[in-house]
Amino acid sequence: MAPLGSRVRQTPPVRRLFDWTFRSRVDGRIVIVQLPNLSLGTFIVACVVGWFLDAGTRPATIVQVVATSALVWWAIDELLRGVNPWRRLLGITMLALQLVAILR
């Protein structure tokens, strides 16, 4: 309990929610966007390569499978090892979108 006459400064609820959502549990920094890791980099490269291929061809199909696999890999990694709830939410959202796309 604080001594009489002293003021205890409370963090506003919006600030606490922001910190909980975006602050890294590893080093305390605010993390919204990160440099792409290997799986996300693979996805980006596969998408760029796919733009130059004719749709429906065997190479285009292979590149699409690589891109989808890399994005699912990234999503699972973020879901399991994301540094904050925002990164985990991104992971589960992308995983759900990819599963819907695969299953339709």
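Values in this text are rule-based calculations from the coordinates and carry no lab data. On a predicted model such as this, the values are computed, not experimentally measured, just so you know. So basically every Cβ, Gly included, is an ideal-geometry build from the backbone, and we count neighbours across all protein chains shown.
Let me know the volume per residue of the alpha-carbon convex hull for region 26-78, in Å³.
Hull volume over Cα atoms, normalised by residue count, gives 77 Å³.
For the chain, would you read off the P(r) tail past 25 Å as a percentage of all alpha carbon pairs?
41
Please identify the DSSP H helices in the chain that span no less than 18 Å along the helix axis (Cα) and have a mean Kyte-Doolittle hydropathy of 1.6 or more.
38-51
Name the residue farthest towards the positive end of the dipole of the chain from the options Q98, F52, V33, assuming +1 on Cβ of Lys and Arg, -1 on Cβ of Asp and Glu, about the Cα centre.
Result: V33.
Of T21, W74, V8, which is farthest on the positive side of the dipole of the chain, counting Cα position, with +1 on Lys and Arg Cβ, -1 on Asp and Glu Cβ, and the Cα centre as origin?
Going by the charge dipole, the pick is V8.
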